[in-house]
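The structure under discussion appears below in the form of structure tokens.
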Amino acid sequence: MTVQSRELRVRRIKNGTVIDHITAGQALNVLRILGITGRSDEVVSVVMNVSDRKKDIVKIENRELDPEEVDTIALISPDATINIIRDYKVEEKHEVILPPHIEGVVRCMNPNCITNTDEPVLAGFEISRGEGVEMRCVYCGKVITDQIADFLI
């Protein structure tokens, strides 16, 4: 008996956004950034660990991302691409750009940082990229390099 291989495909979307080249395993964090939960009315397709390159893909029907969402996605997946789909065609395609500085998006991992006290101070980070993304708190100097998604506000 032979086993036939079948390829499952996610259908095309008429209008919306396709986020491609997401770092493998980060698709669910992308949904969290976008505020998409199990109670959302949005039609979403998530494909994880695609092909030998091991990447994730998220398709969101009838929604285009705002710049703040794209900047936050860049923190956890700096090689992602954003495709804007209109009438089944890719109208815009661009790579995410890692911002040099963010504020109020990620909390500092240092429990003693002023941003984690009752002071009215937003966490701010200077961002750089080497082998991965490095975020340095502008208040205490603590560096976040791994598991950035765990510190998203």
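The values are calculated or read from the model by the stated rules, or taken from the named source; none is laboratory data. All values derive from a computational prediction rather than experimental measurement. A quick note on method: Cβ atoms are made from the backbone with ideal geometry, for glycine too, and the neighbour counts reach across all protein chains shown.
Per the listing Thr37, Thr17, Thr72, the residue uniquely crowded, with 19+ Cβ neighbours inside 10 Å and farther than 21 Å from Glu91 by Cβ is Thr72. For the stretch 47-65, the set of residues classified as over 12 Å from the mean Cα position of the chain (by Cα) and modelled with pLDDT of 90 or more consists of Lys55, Lys59, Ile60, Glu61, Asn62, Arg63, Glu64, listed by residue number.
Please go through the stretch 117-127 and give me each residue that is free of Cβ contacts under 8 Å to residues at least 40 places away in the same chain and either in the same structural domain as Asn29 (by TED's automatic domain parsing) or within 23 Å of Arg32 (Cα to Cα) (or both), ordered by number. Listed by number, the residues that qualify are Leu122, Ala123, Gly124, Phe125, Glu126.
Of the strands (runs of 3 or more DSSP E) entirely within the stretch 66-121, none holds at least 3 residues that are within 12 Å of the chain's Cα centre (by Cα) and on the phi > 0 side of the Ramachandran plot.
Here Cys108 fulfils each of the conditions (1) among the hydrophobic types (A, V, I, L, M, F, W, C); (2) in the same structural domain as Leu65 (by TED's automatic domain parsing); (3) surrounded by 17 or more Cβ atoms within 10 Å (Cβ to Cβ) apart from (2). Scanning for something in contact (Cβ under 8 Å) with a residue 60 or more places away in the chain, under 20 Å from Pro67 (Cβ atoms) and not polar (S, T, N, Q), does the stretch 102-116 turn up at least one residue? No, there is no match, as no residue in the stretch 102-116 is in contact (Cβ under 8 Å) with a residue 60 or more places away in the chain, under 20 Å from Pro67 (Cβ atoms) and not polar (S, T, N, Q).
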